[in-house]
Amino acid sequence: MPDHPYRVLLQAASQEEAQYVAIMSGYKGCKVTEGQVYRLLRNHNNPQLFEHGEAYVVDDDTKDNYSVFLLCRTALYK
């Protein structure tokens, strides 16, 4: 969900530079919608494990979802 309704999203080369994630295909238990674009958020509580923060999205149940990259086919955008 881009901040501005006319914002053009560009494909990101890596997860570190991505600001949004599009769900190309999902898994039933993942609680995200196929074709939807979600803002990519970062949790910086474990800097020893995740240099740029652990990436997650707020899913359709308004919960932090860290499993999106494991369970869904995604496309990264900035």
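The values are calculated or read from the model by the stated rules, or taken from the named source; none is laboratory data. Fair warning: this is a prediction, and the values are worked out from it, not measured in the lab. Virtual Cβ from ideal backbone geometry, glycine too; neighbours counted across all protein chains shown. Accessible surface is based on the protein model in full, side chains and every heavy atom, while ligands, DNA and RNA are left aside. Shrake-Rupley method; radii C 1.70, N 1.55, O 1.52, S 1.80 Å.
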Revision key, fill the gap. In the set A75, A18, A22, the lone residue that is at pLDDT 85 or above and in a loop (DSSP other than H, G, I, E, B) is A18
Exercise for review: For Y38, indicate whether it is within 14 Å of Q15 (Cβ to Cβ) and crowded, with 17+ Cβ neighbours inside 10 Å.
Suggested key: yes
Check your understanding: Of everything in region 25-54 that's within 15 Å of L71 (Cβ to Cβ) and modelled with pLDDT of 90 or more, which residue is nearest to the chain's Cα centre (by Cα)?
Key -> Y38
Review point. Looking at region 64-78, which of its residues are open to solvent by 50 Å² or more (accessible area, probe 1.4 Å) and hydrophobic (A, V, I, L, M, F, W, C)?
Key: F69, L70, L71
Exercise for review: Being open to solvent by 70 Å² or more (accessible area, probe 1.4 Å) and within 15 Å of L70 (Cα to Cα) is the filter here, so list the residues in region 15-24 that pass it.
Suggested key: M24
Check your understanding: When region 41-63 is examined, which residues are found to be surrounded by 12 or more Cβ atoms within 10 Å (Cβ to Cβ), without any contact (Cβ under 8 Å) to a residue 24 or more places away in the chain and at negative phi?
Key -> L41, R42, N43, F50, E54, Y56, V58
**Study point:** Per-region count, region 41-58, residues assigned to a loop (DSSP other than H, G, I, E, B) and closer than 24 Å to L10 by Cβ
**Key:** 4
